[in-house]
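**Q** One structure coming up, written as structure tokens, with questions to follow.
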Amino acid sequence: MSTMNVAYLGLGAIGRPMAANLASGLPTSVWNRTAAVAEAHAREHGTVALAALAEIADAEVKVVCSCLPTDTEVAEVAAIVGPLLDRGTIWLDHTSGDPDGSRRIAEQLAEHGVTYLDAPVSGGVDGAVAGALTIMIGGGADTIAEVGPVLDLVAGKVVHVGDVGTGMAVKAVNQALLATSLQATAEGLTVLARYGVDATTALEVINGATGRSFVSDKLMSRATSREFPLTFALGLLDKDVRLAAQLIADVGVAAPVLSLARELTAEATEVFGGDVDHVQAVRLAEQRAGVELR
Ligand code: NDP
């Protein structure tokens with residue numbers, strides 16, 4: 001097969017732009033649980049919409065990409081799709097899922113001669129649109145090299161972190177750090193607000209000083225503007241920090257800061273709901289301090 005046909009499964013906030021970028025360089029089929037989303041994607045980006053997963057059998061794909069909420073949904077889809085793929089197909093899973101779950105999916109797909117790589121992404125919707133995601137991959141180096149043409153279209157940075165499962169583990173810890181940073185930055189700004197320092201002014205200093213972070217630089221303006229566009233659901237962040245907590249328990253180390261971030265993220269999800277944007281988690285610190293960071 002000379003052309004590298006790709007199928008992208010799951011056109012959510014991240015999947016839609018990733019599949020659009022793939023289509024700029026490779027023949028790309030798309031599937032989404034809500035089929036109208038795939039049809040709209042095909043019209044807008046020149047992809048081919050698969051009305052049902054079964055249609056993948058005729059798409060002659062070399063690479064399947066997936067980006068679904070968790071490894072549970074990926075396992076369900078893989079159970080249907082795996083038997084329909086040619087042996088030698090590579091499955092690139094961009095979902096942020098459970099490391100153990102990803103190893104089980106790898107075993108499930110290996111029965112059909114399909115090689116699985118866990119390849120979660122970081123960089124948000126902006127990074128996905130720009131084709132500049134950071135991708136952490138677990139799996140074999142030769143397989144990763146084979147999917148180079150796919151990765152080139154969606155990633156700015158690709159790091160091979162180890163065997164299957166390690167990509168998911170790195171992603172979970174990255175997300176626990178994001179959750180920590182969200183809560184810590186919100187706390188710092190609410191303390192300053194109570195002391196009479198305007199949050200935007202404080203951020204101007206912090207973003208030129210050593211307290212700067214991705215959260216302070218790129219995300220906290222959502223709090224100061226009170227506009228919280230939904231780019232990444234709080235419920236998904238809560239899922240990620242739970243996965244990190246499981247990892248921490250599995251390796252058996254004490255991680256008090258990350259464990260507290262997990263508790264605070266769970267509380268924020270309970271209070272504000274899982275469907276709001278993740279930056280709304282800062283409202284927890286605001287409520288405690290009785291101020292808004294506007
Ligand atoms: P969205 O909530 O925007 O999209 C979820 C996607 O999964 C939709 O295509 C949805 O289909 C589909 N889906 C949901 N349930 C099922 C199911 N049971 N069976 C099949 N398909 C299903 O999620 P995101 O794109 O934000 O996130 C996807 C993954 O990427 C998550 O693991 C997330 O943690 C990770 N991620 C997200 C980032 C972000 O900034 N948004 C950044 C980095 C990683 P439908 O349209 O039918 O609802």
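**Q** Treat the count of other C-beta atoms within 10 Å as a stand-in for reagent exposure and order D58, D100 from fewest to most. Numbers along the way, then the final one.
**A** Working: D58 10, D100 16.
With the sparsest Cβ surroundings first, the list reads D58, D100.
**Q** Taking a spot 7 Å from the Cα of R226 along the direction of its beta carbon, which residues of segment 158-194 have an amide N less than 18 Å from it?
**A** Flagged as within label range: 190, 193-194.
**Q** Suppose the chain between R288 and L260 were pulled fully straight at 0.36 nm per residue; how much longer would it get relative to their current alpha carbon spacing?
**A** Answer, rounded to one decimal: 8.5 nm.
**Q** Per DSSP H run of at least 4 residues, take -39500 (n - 2.57); add these up for the chain, divide by its residues and hand me the 222 nm value, nearest 500 deg cm²/dmol.
**A** Result for the chain: -15000 deg cm²/dmol, rounded to the nearest 500.
**Q** Please compute P(r) over all alpha-carbon pairs of segment 208-264, binned at 10 Å starting from zero, and give each bin as a whole-number percent.
**A** Taking all Cα pairs of segment 208-264, the binned fractions are 19, 37, 34, 10, 0 percent.
**Q** Based on other C-beta atoms within 10 Å, arrange Y195, Y8 from fewest to most.
**A** Result, fewest neighbours first: Y195, Y8.
**Q** Once you have the Kirkwood Rh of segment 1-58 from its Cα pairs, apply Stokes-Einstein at 10 °C and 1.306 mPa s and quote D in µm²/s.
**A** 144
**Q** Another question, if that's okay. Relative to the Cα centre, what is the charge dipole magnitude of the chain, using +1 at the beta carbon of each Lys and Arg, -1 at the beta carbon of each Asp and Glu, and rounding to the nearest 20 debye?
**A** 680
**Q** Could you tell me which residue out of P99, V253, M220 lies farthest along the dipole of the chain toward its positive end? Charges go on the beta carbon: Lys and Arg +1, Asp and Glu -1, centred on the Cα centre.
**A** Going by the charge dipole, the pick is M220.
**Q** Based on the mean of other beta carbon atoms within 10 Å per residue, what is the order of 44-56, 66-78, most packed first?
**A** Peptide ranking by packing, descending: 66-78, 44-56.
**Q** Can you tell me which of 103-110, 200-207 comes out highest on packing, and rank the rest after it, using the mean Cβ neighbours within 10 Å?
**A** The packing order, highest mean first, is 103-110, 200-207.
**Q** Just going by the charge dipole of the chain, with Lys and Arg at +1 and Asp and Glu at -1 on Cβ, which of A13, A40, G165 is farthest out on the positive end?
**A** Checking the options against the dipole of the chain, the answer is A13.
**Q** Here's another thing I want to ask about it. Can you give me the Cα centroid spacing of segment 80-102 and segment 139-176 in angstrom?
**A** Their Cα centres are 14 Å away from one another.
**Q** Continuing with this model, one more query. Tally Lys/Arg at +1 and Asp/Glu at -1 over every other residue whose Cβ is under 14 Å from the Cβ of G290; what's the total? Write out the running numbers ahead of the final one.
**A** Working: positive: R194, R283, R288, R294; negative: E187, E286, E292.
Taking every other residue near G290 into account, the sum is +1.
**Q** With an 8 Å Cα cut-off and a minimum separation of 6 or more residues, compute the relative contact order for the chain in percent. The partial results should precede the final answer.
**A** Working: 550 pairs, mean separation 41.2, N = 294.
Value for the chain: 14 percent.
**Q** Let me ask something else. Quote to one decimal, in nm, the extra length available between D58 and V253 on full extension: 0.36 nm per residue of separation minus the C-alpha distance between them. Kindly include the intermediate steps, with their values, before the conclusion.
**A** Working: separation 195, 0.36 × 195 = 70.20 nm, distance 4.81 nm.
Answer, rounded to one decimal: 65.4 nm.
**Q** Using Cα atoms only, what is the angle between the long axis of helix 166-194 and the major principal axis of the chain, expressed in degrees (0 to 90) to the nearest 10?
**A** For 166-194 against the chain, the angle is about 20 degrees.
Every number here is computed from the coordinates shown, using simple stated rules; none is lab data. Fair warning: this is a prediction, and the values are worked out from it, not measured in the lab. Every residue, glycine as well, gets a Cβ built from its backbone with ideal geometry; the counts of neighbours run over all protein chains shown.
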